[in-house]
Amino acid sequence: MNKTTLFFISFLFVLLASSCEGDESATAGIPLSCFDGFRDGDEVGVDCGGSCDTNCPVYINPIGGEIIWRTVLKTGTTYTITEPIIIREQSMLEIQAGVTIKVVPHIGAHIAIAQGGQLNCNGSAEAPIVFESLSDNPSPGDWGGILAMGKASTNNPNHQMTTAGSYLYGGIEDYDYSLKLNFVKIKHAGEKINQEVQAAVGLYGVGFQSQINQVEFAELGGAALKIVGGTPNLGKLYIHDAIYGIHSKDGWRGSVDEVYLKNIESSPFVFDNPIDKLSEPKASVVMDHISFVGSTNESLFSLRNGGAELQLSNWYVNGITSFMNVDSDSQELITNNLVQVSPIEFENSATNFSLLSPENLDTSFIKTGATNGSGAKDELPSWLNWVN
C-alpha cells in the first residue's frame, strides 16, 4: 500500500468518525419520550416542542383551553382540538350542523362541561356533527371523549369528582341541563386518562333536561356512555364496535328508547352500585325498543353490587350466549320482581338466557315473544337513515 492510498483511507476514517459524532450530538440530550407517540414531559404537542428537537405541526382552526361566555363553531368548518376543552359555568360551546372536529390523538384531549356550563351540538340528518381522531390511521382510544358534570343527584355523596380532570358533579337539581347532542357522530374515543379509560360520553349527575338523541358511537376504546347517577333520558342511539355499550352506576334514574347495538366486546349493559345497595335514590331504568346484534364475549346484561331496577320491553337479541349475569348482591332484584322483561325475542343464540351467578334463580320474569326491537330486528331501523 503506497502513502497516497494510506492517506486517503485515513482521511475517510476521520470523516466517517466525525459524521458519527455529529449524528450522536444531534440527538444528545433529547428525551426518549420525544419518540413515543404521546404528548408527555414538557412537549407542546405529540413528540414536538419543549425539550424535543422538532417543531409542532400547524393545525387547522385549533381550539382548546377554557370556554368563557359563548363560543360558536360555524357550519361546514373543520376544527382541531389540540388540548382539553373546559366549558366553564354560565358559558356555552355551540356547534352548528356540518361541523367536523378532529382531535389530536394521545394527548389526553377531551371536552369537559363544568357544572353550569353547556354544550349544544345542533346537527341535522343532512349535516351531522362529527368528532373523530386526527390520525391518518385512527384507532379506538385515540382521544378522551365528552364529560358532562351536572347538578342532579346521585346515591354516592362520598364520590363526586371525576378521575379525568377532577371535575365536580352532583347536587339536588334533577332538572339540570348540561348538553344537547342531536345528529352527532362520535368516533375513536376511549383514551385512558389518569389510569381510567374514558367513555365517548360521560354523564356525571346530569339531569333530565339534557338531550341525547340521534347519536352514533363507533370504534371506541371504552363504553359509548358512562352514566353516573342523575336523571338523563336517551333516545335513538347507534352503538357499534365498542368495548361496552352503556355502563351505569350510582343511582341513574332515566330511560332509553330506540337503540341499535352491534359488536360490543364486553357486557353491552352494565348496572353497578359500588356502595351500599340500600342507598337512595335507587337506580331505576326503563329501556324500550332495543336491538342487539352479536357478537359479545360476555352476558348481554351485568348486574353488580345491587344493580338497578329494570323494565325492558320490545327487545330483539341476535347472537348471544348469555343473557344476564347477576352477582349475589343483585339477586334481590330478581326475587323481588324488580327486573321485568316483556317481550323479548331471541334468534341465533346458543342459549336464550343464562343467569350465570347464581344459576338457580327463577327466570319467569323473562317473557319471550315476537318483536321488532329498535324497529327492524337485525337491520338498521329507518330512523338511522342519516347514518352512512
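Only helices enter the 222 nm calculation for the chain: every DSSP H run of n ≥ 4 contributes -39,500 (n - 2.57), and dividing by all residues gives -2500 deg cm²/dmol, rounded to 500.
A Gaussian network model of the chain, with springs between Cα atoms under 10 Å, assigns the largest mean-square fluctuation among ASP136, ASP288, ASP250 to ASP136.
Straight-distance candidates among the lysines for linking to LYS74, with alpha-carbon spacing under 18 Å and chain neighbours fewer than 8 residues away dropped: LYS102, LYS180, LYS185. Of the options (i) 27, 50, 16, 6, 2, 0; (ii) 24, 44, 23, 8, 1; (iii) 28, 55, 17, 0, only one is P(r) over Cα pairs in 20 Å bins from 0, in percent as computed from these coordinates, and that is (i).
Dividing the Cα radius of gyration of the stretch 251-388 by 2.2 N^0.38 Å, with N the residue count, gives 1.02.
Ordering 290-297, 56-63 by mean Cβ neighbour count within 10 Å, with the highest value first, yields 290-297, 56-63. Among the aspartates and glutamates, which have Cα under 17 Å from the Cα of LYS249 when same-chain residues fewer than 8 positions away are ignored? Straight-line reach from LYS249, under 17 Å: ASP174, GLU196, ASP272, ASP276, GLU280, GLU309, ASP327, ASP329. The modelled label-to-label distance for the pair LYS367/THR77, using points 7 Å beyond Cα in the direction of Cβ, is 5.3 nm. For GLU265 and LEU32, a Förster radius of 30 Å and the Cβ-Cβ distance give a FRET efficiency of 0.40, rounded to the nearest 0.05. Here each label is just a point 7 Å from Cα along the line to Cβ, and for CYS48 and GLU379 those points are 4.7 nm apart.
Here ARG39, ARG70, ARG88 are placed in order of increasing Cβ neighbour count within 10 Å, fewest first, which gives ARG70, ARG88, ARG39.
Taking ALA370, ALA148, ALA189 as the candidate residues, the one with maximal mean-square fluctuation in a Gaussian network model of the chain, Cα springs under 10 Å, is ALA370. By other beta-carbon atoms within 10 Å, ranking MET287, MET92, MET161, MET324 with the fewest at the front produces MET161, MET92, MET287, MET324.
Candidate cross-link partners of LYS377 among the lysines, defined by an alpha-carbon separation under 18 Å and a same-chain spacing of 8 or more, comprise LYS236, LYS262, LYS367.
Charges were assigned to the Cβ only: +1 to each Lys and Arg, -1 to each Asp and Glu. The resulting dipole of the stretch 251-388 about its Cα centre is roughly 140 debye. Rounded to the nearest 20, the size of the Cβ-charge dipole of the stretch 86-155 about its Cα centre is 260 debye, with Lys and Arg at +1 and Asp and Glu at -1. Taking the longest Cα principal axis of the chain as reference, the axis of helix 3-27 is set at about 30 degrees. The relative contact order of the chain, computed from alpha carbon pairs under 8 Å that lie at least 6 residues apart in sequence, is 9 percent.
When the chain is treated as a GNM with alpha-carbon contacts under 10 Å, the residue of LEU361, LEU147, LEU303 showing the greatest mean-square fluctuation is LEU361. Put in line by how crowded their Cβ is, counting other Cβ atoms within 10 Å and starting with the fewest, VAL286, VAL197, VAL103, VAL206 read VAL286, VAL197, VAL103, VAL206.
We did not get these values from a lab; they are worked out from the coordinates using the rules stated. Predicted model only: the values in this text are computed from it and were never measured. Quick reminder, even Gly has a Cβ in these numbers, built from the backbone with ideal geometry, and neighbours come from all protein chains shown.
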